[in-house]
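Notes to accompany the following structure.
The values are calculated or read from the model by the stated rules, or taken from the named source; none is laboratory data. What you see is a predicted model, and the numbers here were worked out from it, not measured in a lab. Methodologically, a virtual Cβ is constructed for each residue, glycine included, from the backbone with ideal geometry; neighbour enumeration extends over all protein chains shown. Heads up: the accessible areas ignore ligands, DNA and RNA and are worked out on the full protein's heavy atoms, side chains in. Shrake-Rupley method; radii C 1.70, N 1.55, O 1.52, S 1.80 Å.
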Amino acid sequence: MRTAHTYVPELLDVIGCTPVIRLRNLTTQDEAQLVVKLEGTNPAGSLKDRPAWYIIEHAERTGQLSAGGTIIESSSGNFSIALAMIGASRGYRVIAIVDPKLTATNRGLLEAYGAEIVVVDEPDDSGSYHKTRIALANRLKREITNSFRPDQCFNPLNGQAHYRTTARELLDQTHGLSAVVCTVSTGGQLGGIARAVKERSPYVEVVGVDVEGSAVFGGESHAYLTPGVGLSWTPTNLDLSLVDEVYKVTDEDAYQACRTLVRSEGLLAGVSTGAALAVALAKAIRARSGRQVAFLACDRGERYLATAFNDNWLRAHGLTTTADPETLRKRVEELAPYSTRPAEECANHQPELAAELGSPSPVLARSDWKGNRC
């Protein structure tokens, strides 16, 4: 007897459709419920799988990237790891432009996927490496034939990926949302989710989270330890008029929260997740029972075993080894918004920057992209 053919997806087909779970132990019955979307279940282990594949798939369809081509990107973290996975799956050469802060774990992941690593050791005018990395990536794009720059900092497809997939999934998976809390780096996650939430559920608060030392929401730039967040300017993917509140947390907030999350809930996630949790917990404590506050676990915590979950590393960098829910609750109760009018007070857009760094003008995606596949 013949059996029906069963469709088996390929690796990149399973990006997205990540689960949402509720947390049990950090809030009380009189407070809002904390819910978290587990982006670490994506195949390369992070939220960045979504925009990486969305941008590459669009580049293939529009002829910007063809068989045997080279993908060049400025990223020392999850975005370059996602591209390296895609390159291995699709047969592309991948060049990751990184800086000296590249962790041994991330280097090992990039090398495991076969990516080439180029280290930029010249800081830019803000003291970080973002601008010098981007400028080098753009120069290599001009020099290498059949190459493509995803350009996550300036490509609007970054935000569109989250608008069409992450946000739609989250809104379908939750009920009674009072707030959605998102961290910010290149603007795709916060910008894309904010746009979708305000179109579909305008009564839900959208809350942005950055780290002290970053200037995405303005202010002075200085060194910080929290990976996966921050820039020295407001990215073009982020429309601050769609964001209700923004917070700046400390490194201590972020590291203490991610450590508390695994000890109290069994969820091992990264440091940017800790930054989001700190603000989400503060919002949940202040919200009423029966409501939900959502945030995203952006990646898996195994990438931080040598840092966030290593007591000696924490002490060496002036951070505590605390992982206690009551201590965290007391800490976040003192958090206050950096701004409740971010569009008026926090914009740090630099529209000339893309051209100065040599970023190519992206070709926008077709409006009929299918979006949510769940």
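Residues in region 9-20 that are among the β-branched types (Val, Ile, Thr) and either surrounded by 21 or more Cβ atoms within 10 Å (Cβ to Cβ) or at pLDDT below 95 (or both) were compared, and the one that is farthest from Glu333 (Cα to Cα) is Ile15. Taken over region 21-75, the criterion of being open to solvent by 40 Å² or more (accessible area, probe 1.4 Å), polar (S, T, N, Q) and touching a residue at least 40 places away in the same chain (Cβ under 8 Å) is satisfied by Asn25, Gln29, Gln33, Thr62, Gln64, Ser66.
Quick one: in region 102-117, which of the residues that are in contact with a Lys or Arg (Cβ under 9 Å, 6 or more places away or on another chain) and under 23 Å from Ser232 (Cα atoms) is modelled with the lowest pLDDT? Talk me through it step by step, then tell me what you get.
Here is the first cut: in region 102-117, the residues in contact with a Lys or Arg (Cβ under 9 Å, 6 or more places away or on another chain) are 103, 105-106, 109, 114-117.
Still in the running and under 23 Å from Ser232 (Cα atoms): 103, 106.
Numbers: Thr103: 90, Asn106: 94.
For region 102-117, the residue satisfying everything is Thr103.
Among residues of region 209-238 that are at pLDDT 95 or above and assigned to a strand (DSSP E or B), those with a Cβ under 9 angstrom from a residue that is open to solvent by less than 10 Å² (accessible area, probe 1.4 Å) and of a type in the set (Phe, Trp, Tyr), sequence gap 6+ or separate chain, pair up as Val209/Tyr247; Val209/Phe295; Asp210/Phe217; Asp210/Tyr247. I'm checking my understanding of the structure. Among residues of region 325-350 that are at pLDDT below 95 and assigned to a loop (DSSP other than H, G, I, E, B), which one is farthest from Gly208 (Cα to Cα)? Result: Gln350.
Keeping to region 76-89, report how many residues are surrounded by 20 or more Cβ atoms within 10 Å (Cβ to Cβ) and over 18 Å from the mean Cα position of the chain (by Cα).
First pass over region 76-89, keeping only residues surrounded by 20 or more Cβ atoms within 10 Å (Cβ to Cβ): 76-87.
With over 18 Å from the mean Cα position of the chain (by Cα) added as a condition, the list becomes 87.
So the answer is 1.
Any residue at all in region 286-294 that's of a type outside the set (S, T, N, Q), closer than 24 Å to Lys48 by Cβ, part of a loop (DSSP other than H, G, I, E, B) and in contact with a Leu (Cβ under 8 Å, 6 or more places away or on another chain)? No; the residues of region 286-294 include none that is of a type outside the set (S, T, N, Q), closer than 24 Å to Lys48 by Cβ, part of a loop (DSSP other than H, G, I, E, B) and in contact with a Leu (Cβ under 8 Å, 6 or more places away or on another chain).
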